[in-house]
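Accompanying notes for the structure given below.
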Amino acid sequence: MSEFFQALDQFAFLRHALIAGLAASVACGVVGSFVVTRRITTAAGGLAHAVLGGMGLAYWLQAARGVGWVHPIHGALVFALLGALVLGRVQSRGRERVDTAISALWAVGMAIGVLFLFKSPGYKVDLMSYLFGNIMLVDPQALKLLILLDIIVLAVVWLFYNQLVACSFDPEFARLRGLNVDGWST
């Protein structure tokens, strides 16, 4: 055990990996409890794969257009938020089955990502490294973004805990109490 702490003191990448794992566990634990309660785990899987589209677009912007400030994590964040909005709207309108929208979002996001990565000049990155990542390669910029996202998630849940719980456990009761369930689902 002491060797682990010595290695943490010696290697910055191990400290970054440990902090990233702890920060990810906070956000995943908080959001995951609402995802499981609402029985939308397939939506989480669909969004997780659809973000490849945003990553591919950001990588293409870097490699082909020279937009240096755009990082694949930024594209992933934008695509995740857009995908969540789309799924929330489909669920609230009820015209299409949600699983159809999840499947379409999953396939379209991955296809967009593969197309942009294919069109990017130069060395082609390994798709699996973008889709699954490598916690040992977390850089300080990504670590700061992850901690910022943790703070945002915790603040939103702290501020709106009662509304989130009501809409997650009993949306009909929440609607009768005057909550905008469709808005909270988005």
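The values are calculated or read from the model by the stated rules, or taken from the named source; none is laboratory data. Quick caveat, the model's predicted, so the values are computed rather than measured. Because the Cβ atoms are built from the backbone with ideal geometry, glycine has one as well, and the counts that use them run over all protein chains shown. With ligands, DNA and RNA removed, areas are computed over all heavy atoms of the protein, side chains included. Shrake-Rupley method; radii C 1.70, N 1.55, O 1.52, S 1.80 Å.
Give me the dipole magnitude in Debye, nearest 20, for the range 49-186 about the Cα centre, with unit charges on the beta carbon: positive for Lys and Arg, negative for Asp and Glu.
In total the dipole reaches around 360 debye.
To the nearest 500 deg cm²/dmol, what mean residue ellipticity at 222 nm is calculated for the chain from DSSP H runs of n ≥ 4 alone, each contributing -39,500 (n - 2.57), summed and divided by the residues?
-26500 deg cm²/dmol
Roll a 1.4 Å probe over the protein chains and send me the accessible area per residue for the chain in Å².
Normalised by residue count, the accessible surface of the chain is 64 Å².
Pop out the carbon and sulfur fraction of the accessible area of the chain as a percent, whole number, probe 1.4 Å. Could you put the intermediate results ahead of the total?
Numbers: 8140 of 11920 Å².
Taking all protein chains in place, the chain shows 68 percent carbon and sulfur surface.
In nanometres, what is the gap between the two model label sites at residue 65 and residue 30, each 7 Å from Cα along Cα-to-Cβ?
So the label points at residue 65 and residue 30 sit 3.2 nm apart.
What distance in nm separates the simple spin-label points at residue 143 and residue 19, each placed 7 Å from Cα in the Cβ direction?
In this crude label model, residue 143 to residue 19 measures out at 0.4 nm.
Among 151, 102, what's the order by accessible area (1.4 angstrom probe), most exposed first?
Heavy-atom accessible area, descending, gives 151, 102.
Nearest 10 degrees, 0 to 90: what angle lies between the long axis of helix 41-65 and the longest principal axis of the chain (Cα atoms)?
Approximately 40 degrees, to the nearest 10.
For 136, 1, write out the residues from largest to smallest accessible area, computed with a 1.4 angstrom probe and no ligands counted.
Per-residue accessible area, sorted high to low, gives 1, 136.
Can you give the percent of C-alpha pairs in the range 37-137 whose distance is more than 22 Å?
32
Per the Kirkwood definition applied to all pairs of different Cα atoms, how many angstroms is the hydrodynamic radius of the chain?
By the Kirkwood definition, the hydrodynamic radius is 18.3 Å.
Given a 1.4 Å probe and the protein chains all in place, what does the accessible area of residue 41 round to, in Å² to the nearest 10?
80
Apply the a/c threshold of 1.5 to the C-alpha gyration tensor of the range 1-73 and tell me whether it is rounded, prolate or oblate.
Values: a/c = 3.75, a/b = 1.12, b/c = 3.34.
Note, shape of the range 1-73 comes out oblate.
Can you pull the Rg over Rh of the range 58-100, Cα-only, Kirkwood?
On the way: Rg = 14.8 Å, Rh = 12.0 Å.
Taking Rh as the inverse mean 1/r over Cα pairs, Rg/Rh reads 1.24.
Just grab the label-to-label distance for residue 159 and residue 136, each label 7 Å out from Cα along the Cβ direction, in nm (one decimal).
Going from the residue 159 label point to the residue 136 one covers 4.0 nm.
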